[in-house]
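One structure is given below, encoded as structure tokens.
Read-outs throughout are calculated quantities, based only on the coordinates presented, and are distinct from any laboratory measurement. Every value quoted in this text rests on a predicted model; they were computed, and no experiment measured them. Every residue, glycine among them, receives a Cβ derived from its backbone with ideal geometry; neighbour counts consider all protein chains shown.
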């Protein structure tokens, strides 16, 4: 069955997948690129990341996933972690 879904994460990520075929209870990996996704938008703003309270703000972002008649919303924080 063909389905449409969208994912939005604050100002960082916004995309919409149209007419993807899903079988019942199927897990599927979808590659994010301009060929598979309409209106792909990914932005990076280091001032909007989540920081430990000693280092900055604990900025939270709304994650919204829509699939068929189902909508999931959750507040999450995004961090950047580096190691050498």
Ranked highest first by average number of other Cβ atoms within 10 Å, how do 52-59, 26-33 line up?
-> 52-59, 26-33
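Which of the peptides 65-75, 5-15 is most tightly packed, and how do the rest follow, judged by the mean count of other Cβ atoms within 10 Å per residue? Intermediate values should be presented prior to the final figure.
Numbers: 65-75: 10.6, 5-15: 16.8.
Going by the mean number of other Cβ atoms within 10 Å, highest first, we get 5-15, 65-75.
Contact order normalised by length for the chain, with contacts defined as Cα pairs under 8 Å and 6 or more residues apart; what percent is it? Before the final figure, lay out the partial values.
Values: 138 pairs, mean separation 24.5, N = 84.
That works out to 29 percent.
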Note the full-extension length gain between residue 70 and residue 42 as 0.36 nm times their separation in residues minus their Cα-Cα distance, in nm to one decimal.
-> 7.7 nm
